[in-house]
Amino acid sequence: MRLKYFVFMLLVAVMPSVRGQDNPPETQIKTGSPFNQSKFVPDISMIVDFSYVSRDLDNTQFSMLSLPGLHAPIETSQGDEGSNAHRGFNLNYGEMSLYSIVDPYFDLFAVLHFAPEHAGLEEAYITTRKLPYGFQVKAGKFLSGIGRMNEQHEHYLDFAERPLVLNAFFGDEGLNELGARITWVAPTDLYLMLSAEILTGENEASFGTSGFSDQNGIVNISESEGPNLLVGYMRSSFDIEDAAVLFGISYAHGKTRMDENFSAPDGEGTALDASTDILAGNLTVKYIVDAIRYVSFQSEYMYRSTEGSFYNRDTSFTVEMYALEKQQAGFYSQLVAKLGFRWRAGIRYDLLNLNNVLIENANQSFPKNLARYSAMVEYNPTEFSRLRLQLNHDRSKYIHTSGGLMYKPYTEVILQLNIAIGAHGAHSF
Amino acid sequence: MKMLCFVLTCIFSTQGVFSERLQVVTTYPYIANIVEKIGADRVRVIPLARGDYNPHVIIPKPSYIAKLRRADLLIINGGQLEIGWLPPILKQANNANIQPEEKGFLDLSMCVHLIDIPTSVSREQGDVHPEGNPHFSLDPDNILIIAKTIADKLCELDPESASFYHANNAEFARVWEQKMKEWKDKMESIKGIKVVEYHKIYDYFLRRFGLVIAGTVEPLPGIPPTSKHIGEVERLIERDKILFILQDVYNPQDASEYLSKRLGVKMIVLPHDVGAVKEADGIISLFDEMVRRMTQ
């Protein structure tokens with residue numbers, strides 16, 4: 001009895017496979033590695049920027065230009081020379097960006113910046129995907145959201161270089177810091193975004209963390225460890241018919257500690273121990289004319305105030321300390337229009353209108369009202385390639401000579417080619 | 001302190017701001033109109049882009065972020081039509097409920113069959129969509145599928161009103177099927193004719209009514225016409241006895257006008273979305289107007 005039952009069960013089990021033989025199922029044989037992860041490759045893009053520069057100033061003089069009291073000459077500043085540094089051809093940079101969703105909770109974004117001689121991790125940060133109540137956190141190394149243009153990548157700028165005031169206050173690479181940011185978007189009809197950033201504050205143009213001491217131990221300022229810089233900003237926007245109006249205010253407060261050869265065993269040196277505040281406002285009005293054309297006005301004003309102690313050490317190790325005070329400000333205004341399917345044109349005015357540097361309450365009489373005039377025309381064959389012709393007339397720069405400051409206005413023409421390949425994310429407003 | 005007061009006011013005022021109605025944001029106006037038909041007064045629907053602009057290159061105004069921030073549901077066309085403008089503002093909206101893969105996100109391209117899926121993609125081919133032609137909403141049969149998909153999604157998010165949404169969808173489908181008969185009858189007179197279009201945006205519409213697409217005025221998707229290509233289109237129009245050039249409302253019209261004047265072919269400006277022309281003020285009148293312009 002048990003055997004019969006077993007045989008019956010066996011038949012039942014075998015039957016489908018026997019029937020299957022009449023009509024063999026179509027099996028698809030998949031080849032390739034069973035561990036293939038190519039579907040998880042992040043979005044990768046590469047942007048390359050070339051230019052041809054014509055300038056009525058030779059390369060050596062150009063590398064010595066500075067904004068007195070504001071920005072050091074290119075040759076003494078850290079990092080690469082910056083874009084368009086040479087007459088003739090320039091390979092300005094290559095920028096590789098990687099983006100992917102990490103998991104249900106985070107996104108990761110990284111930008112590798114390549115200069116002809118070296119490479120660096122320009123940005124690398126995560127953002128949260130699922131925080132409730134309109135919050136989002138960003139953490140890692142990223143461009144601060146202070147003002148309007150600081151956060152934008154170089155290839156997205158409307159002109160070949162950043163405005164003078166951003167350059168003077170944050171250097172050629174912008175305020176790019178290690179830290180964390182929290183943003184909150186209000187659940188209102190009016191767009192309102194509030195943000196706070198806590199950053200290391202290593203930016204050498206306005207902040208800095210270096211400690212310093214002299215050999216005799218008269219001055220001993222420790223390195224400022226931990227977050228040194230706080231940034232807060234709000235942005236709001238509304239539409240008037242076909243015009244979008246975006247405005248914002250930003251505030252930054254941080255420590256400024258710099259050591260320029262002060263702790264060195266020989267030579268002369270200076271050092272700075274101060275605190276810096278930056279207050280900034282920005283306004284953008286973009287009027288959409290029709291399906292193709294628009295006109296966009298954008299302006300940013302920034303005011304910087306630094307207060308603290310300035311140290312000077314001579315070769316015989318005599319140290320002197322002075323009270324230092326700086327009030328500096330500047331703005332840019334630009335008008336850019338998309339004129340046709342492939343054409344854009346724009347003009348920009350840069351001005352550093354305030355440049356008070358007081359040592360022991362004595363104004364150092366650095367030049368102010370430093371201006372630059374720019375105009376550009378762009379031809380964009382597609383959204384992935386751009387050819388731009390820009391004219392700059394710069395009346396803001398000086399050269400330090402043995403006889404003091406020498407005013408050095410110049411004019412340059414830049415023909416810029418900017419190319420993007422790969423999967424590059426869309427840009428925001 | 002003033003800032004803090006302002007923030008607190010904003011937080012507490014949200015209770016008044018959030019209405020009980022479901023907040024639906026759509027990328028394009030045609031989707032908004034279908035949502036209105038099904039959701040009626042139980043939803044509040046806001047379209048982002050304007051119907052008379054190029055759907056590929058919408059300027060992502062910051063005011064859109066505020067709209068996305070408060071949405072319970074975001075409905076997109078998909079098929080990568082929004083890839084050039086939606087991702088950054090969706091990210092900046094800080095609204096976890098409407099991110100892709102969440103319940104409050106609906107990609108309509110997932111519910112319809114896309115045509116012209118390229119076997120290989122390269123940007124040499126212009127602004128090519130790897131997932132197929134994304135202008136599927138101009139196939140009137142797809143509208144029924146889209147309406148049903150939207151109704152199902154509204155039921156999922158607001159189950160209490162499920163019977164209301166289903167009834168509205170059934171009524172919409174009834175009206176739509178009647179309209180389909182009317183449009184098919186009218187379009188019968190031009191069935192089988194060959195046309196040229198500026199951009200490959202009317203393919204679904206033309207295929208549904210049995211028209212033949214002989215070529216495009218732009219040499220490649222998103223690339224404006226060159227004189228060499230216009231010469232080729234001229235020869236094509238003469239050889240294939242093309243009767244119509246179909247022009248959208250947002251691209252430059254000079255090339256189509258030139259061909260029309262030179263060769264005596266009729267240029268028809270066709271709406272592609274609700275609001276593209278003033279007669280197309282809803283999803284039904286959009287197709288009414290397309291059929292009227294094609295057949296008059």
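Size of the dipole of the range A:334-426 about the Cα centre, Lys and Arg at +1 and Asp and Glu at -1 on the beta carbon, nothing else charged, in debye to 20?
240 debye
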Original post:
How high is the relative contact order of chain B, in percent, counting Cα pairs under 8 Å that sit 6 or more residues apart?
Top reply: 16 percent
**OP:** Please get the size of the charge dipole for the range B:68-165, origin at its Cα centre, with Cβ charges of +1 on Lys and Arg and -1 on Asp and Glu, quoted in debye to the nearest 20.
**Re:** 320 debye
Subject >> In the range B:236-296, GluC sites (Glu not before Pro) in a DSSP loop with at most 15 other beta-carbon atoms within 10 Å >> reply: B:Glu279
**OP:** Pick out, from A:Trp343, A:Gly281, A:Ala329, the residue whose Cα sits farthest towards the positive end of the charge dipole of the range A:254-349, with +1 on the Cβ of Lys and Arg and -1 on the Cβ of Asp and Glu.
**Re:** A:Trp343
**OP:** May I ask you to evaluate 6.51 cos²θ - 1.76 cosθ + 1.60, the Karplus curve with θ = phi - 60°, for each residue of the range A:334-346 and list the ³J(HN,Hα) values in order in whole Hz, giving x for glycine and proline?
**Re:** 9, 10, 10, 10, 8, 9, x, 4, 10, 10, 9, 8, x
**OP:** Kindly provide the Kirkwood hydrodynamic radius of the range A:210-310 in Å, to one decimal, from all pairs of distinct alpha carbon atoms.
**Re:** 17.0 Å
Subject >> Cα radius of gyration and Dmax for chain A (Å) >> reply: 28.7, 118
**OP:** Please sort A:47-57, A:214-224 by packing, taking for each peptide the average over its residues of neighbouring beta carbons within 10 angstrom, highest first.
**Re:** A:47-57, A:214-224
**OP:** May I ask for the angle, rounded to the nearest 10°, between helix A:2-22 and the longest principal axis of chain A, with both axes built from Cα atoms and the value confined to 0 to 90°?
**Re:** 60 degrees
Original post:
Using helices alone, what [θ] at 222 nm do you get for chain B, with -39,500 (n - 2.57) per DSSP H run of 4 or more residues, divided over all residues and rounded to the nearest 500?
Top reply: -13500 deg cm²/dmol
**OP:** Using the Kirkwood radius over Cα pairs, work out the Stokes-Einstein diffusion coefficient for the protein assembly as shown at 25 °C and 0.890 mPa s, in µm²/s as a whole number.
**Re:** 83 µm²/s
**OP:** Once every Cα of chain B carries one equal point scatterer and solvent is ignored, give the base-10 log of I(q)/I(0) from the Debye formula at q = 0.07, 0.09, 0.12 Å⁻¹, two decimals.
**Re:** -0.30, -0.49, -0.82
Subject >> Radius 15 Å from Cβ of A:Gln416, net charge of other residues (Lys, Arg +1; Asp, Glu -1) >> reply: 0
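Take every Cα-Cα pair in the range B:63-114 and report what % of them are more than 13 Å apart.
57 percent
What pairs in B:Lys153/B:Lys179; A:Lys39/B:Lys103; B:Lys61/B:Lys278; B:Lys61/B:Lys179 have C-alpha atoms more than 30 Å from each other?
Violating the 30 Å limit, Cα to Cα: B:Lys61/B:Lys179.
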Original post:
Setting aside same-chain residues fewer than 8 positions from A:Lys255, which aspartates and glutamates have a Cα under 17 Å from its Cα?
Top reply: A:Glu177, A:Glu197, A:Glu202, A:Glu204, A:Glu223, A:Glu225, A:Asp273, A:Asp277, A:Glu307, A:Glu325
**OP:** Could I have the simple spin-label model distance between A:Asn361 and A:Lys39, label points 7 Å from Cα toward Cβ, reported in nm to one decimal?
**Re:** 7.4 nm
**OP:** Evaluate the charge dipole of chain B about its Cα centre and quote only its size in Debye, nearest 20, assuming +1 on the Cβ of each Lys and Arg and -1 on the Cβ of each Asp and Glu.
**Re:** 440 debye
**OP:** Quick one: what are the phi-derived ³J(HN,Hα) couplings along the range A:269-277, Karplus 6.51/-1.76/1.60 with θ = phi - 60°, whole Hz, x for glycine and proline?
**Re:** x, 10, 8, 9, 10, 8, 10, 10, 10
Subject >> Expected 222 nm ellipticity per residue - DSSP helices of 4 or more, -39500 (n - 2.57), all of chain A, to 500 >> reply: -2500 deg cm²/dmol
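Would you mind telling me the antiparallel percentage of the DSSP bridges in chain B, rounded to 5?
Rounded to the nearest five, the antiparallel share is 5 percent.
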Original post:
So which aspartates and glutamates pass the test for B:Lys200, namely a Cα distance under 15 Å, with those fewer than 8 places away in the same chain ruled out?
Top reply: B:Asp116, B:Asp127, B:Glu131, B:Asp139, B:Glu218, B:Asp248, B:Asp273
Subject >> For the range A:167-240 and the range B:56-119, distance of Cα centres in Å >> reply: 33 Å
Original post:
Of A:His155, A:Phe238, A:Asn203, which is farthest on the positive side of the dipole of the range A:146-249, counting Cα position, with +1 on Lys and Arg Cβ, -1 on Asp and Glu Cβ, and the Cα centre as origin?
Top reply: A:Phe238
Subject >> Positive-end residue, the protein assembly as shown charge dipole about Cα centroid, Cβ charges, pick of B:Pro47, A:Ser299, A:His118 >> reply: B:Pro47
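Among A:Leu67, A:Leu352, A:Leu194, A:Leu108, which comes first, then next, by fewest other beta-carbon atoms within 10 Å?
By the 10 Å Cβ count, ascending, the order reads A:Leu108, A:Leu194, A:Leu67, A:Leu352.
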Subject >> Partner chain coverage, peptide B:93-100 - average Cβ within 10 angstrom >> reply: 5
Original post:
For peptide B:53-59, how many partner chain Cβ atoms fall within 10 Å of a residue's Cβ, on average?
Top reply: 3
**OP:** Return the average number of partner chain Cβ atoms within 10 angstrom of each residue Cβ along peptide B:61-73.
**Re:** 6
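Values quoted throughout were computed directly from the atomic coordinates according to the rules given, and no laboratory measurement underlies them. Every value quoted in this text rests on a predicted model; they were computed, and no experiment measured them. Note: ideal-geometry Cβ built from the backbone for every residue, glycine included; neighbour counts use all protein chains shown.
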